[in-house]
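Taken together, the values in this text are just the output of simple stated rules run on the coordinates, not laboratory data. All values derive from a computational prediction rather than experimental measurement. Neighbour counts are summed over all protein chains in view; Cβ atoms, including those assigned to glycine, are modelled from backbone coordinates with ideal geometry.
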Amino acid sequence: MLPRGLFRIYGLVLGNLLLLMGGQLAYLWLVPPQQDGTPLLLPQVPLRPYFTLILLCSGALIVGALLQHTPRPLLFLPSRRRGKLPLFRGYFTPGLSERYYHRPQPENDLPLPQLPQLPPPPMLRQLPVRQLELPAAKWLLLGFLMAIALGLAVLAERGNWLWLFPLAFIAAFSFPALLWVSYIYRRTRGEPEPQRMVLIALSWGMFATLPASLLNDAGGRLLAADPMLMLEGGAFGRPEILLVATVAPLVEEALKPLGLLFVLDRLKTPYEGVLYGIACGMGFAMMENMLYDLLILIWYGADAWTINAFARGVGSTVLHAVGPALVGFALALSQHSSWSAERVVPVTYLGGVIIHGAWNGAATLPFIYPGDTQMATVSWAALGLVLVTCLALVRELLRRGVTYDAPSSASAKVKDEPQEEGNDEENSEGGDDEPPDEAWAPPEP
């Protein structure tokens, strides 16, 4: 049986996809696309305003329904007589009855009898935190590789086998991002973060693709760049290079970490900053992978889709994790040190922009020098170097975050919840095989 967390995440993908379609349709309605500086006439769509409104409302309803609060348990006041309140306030559980029934005691009244302490009803007890249900990272990696192989085989055979391609397509664009979320989520040494909060960060990353695409398009118009040159294989000029290597990193690395504002109360340790930052980046990577995979499949066909899906799953997905993870780590760390958020957050944002710009710049080398095989080799080598840097940064941020969180979570667990028999296996599932590092503290500025 598939974990229920997957169904919620794919529901968020559907809802944000409807929002993206509605927002893009409204943008093209207000700002028609251009080619060589000439506005293009779009085909007339009947009832276009209503269709756009339906897309936006449907997406908002789906996302809102999946991210809503868990309903509180029903509260009732038991009574000895129909329509009457109990005789004594002590009949209620202390701390709960004051909100519903308060009768001040007169000065000359007899004291209330001392009633035994009543345990709270089961329905009034605190509900346990619902954890994010995702498969382990190793199973998601295996599913991603199988999806690439299945998609390649199905597109080669055609016929009735094409009905299996949607499954391979969904797994190919989503499993690499979910792999990182699952891996980071299972590294915690304390109580796992609530599922709803992680889904909020993930959903923001998905939604951020809409304003990012609109701002990138606006930047391309200002620079007079032609983004279709990448699909057509034409030579890049200065406007296209500035758009891909400068404007896009500045816009995207600014939008992705904004999702941390929705979970700011949860950023108590650097580990939580890394977790929620990577969740924002993985939501963005998931939607971007889906759109690029679909575009490449339509434009170039099956072989190009296989290469693009594998390259984006292995490389671009990790790239989108670095920027928001750096910002989340710095934002959470500023609460435990003398460093102010106003100082460290801009520095980490610029670090994410530089890494993103280096990746995009290396990827555009074959378009700057088309037909030069040596430059294509340099491009692949540079992409590999940036990829190794991204992996090392994510690993180091996670190590420092988990090490910083380990002493407090371990002491709280020993103090509040004594270890029970049979829990060792559950607590160690998905954890690190290596012993915890020594306590790490941030250096003084």
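Taking a spot 7 Å from the Cα of Ala382 along the direction of its beta carbon, which residues of the range 333-372 have an amide N less than 15 Å from it?
Only 354-372 pass the distance filter.
Could you sort 158-169, 12-23, 291-302 so that the peptide with the highest average Cβ count within 10 Å comes first and the rest follow in order?
The peptides rank, most packed first, as 12-23, 291-302, 158-169.
Grab the beta carbon distance between Arg395 and Gln44, set R0 = 51 Å, and tell me the FRET efficiency rounded to 0.05.
Numbers: r = 53 Å, r/R0 = 1.04.
It comes out at approximately 0.45.
Give, in nm to one decimal, the length gained when the segment between Gln24 and Met146 is fully stretched (0.36 nm per residue of separation minus the Cα-Cα distance).
Extra length available between Gln24 and Met146 comes to 40.6 nm.
In what sequence, highest mean first, do 141-150, 262-271, 324-333 appear when ranked by Cβ atoms within 10 angstrom?
Listed from highest to lowest mean packing, they are 324-333, 262-271, 141-150.
Figure the gain on full extension for Gln335 and Asp372 (residue separation times 0.36 nm, minus the Cα-Cα span) and round it to one decimal in nm.
8.3 nm
What shape does the range 138-267 have by the C-alpha gyration tensor, where a ≥ b ≥ c are the square roots of the eigenvalues, rounded means a/c under 1.5, and otherwise prolate means a/b greater than b/c and oblate the rest? Let's see the in-between values first.
Details: a/c = 2.66, a/b = 1.08, b/c = 2.47.
Note, shape of the range 138-267 comes out oblate.
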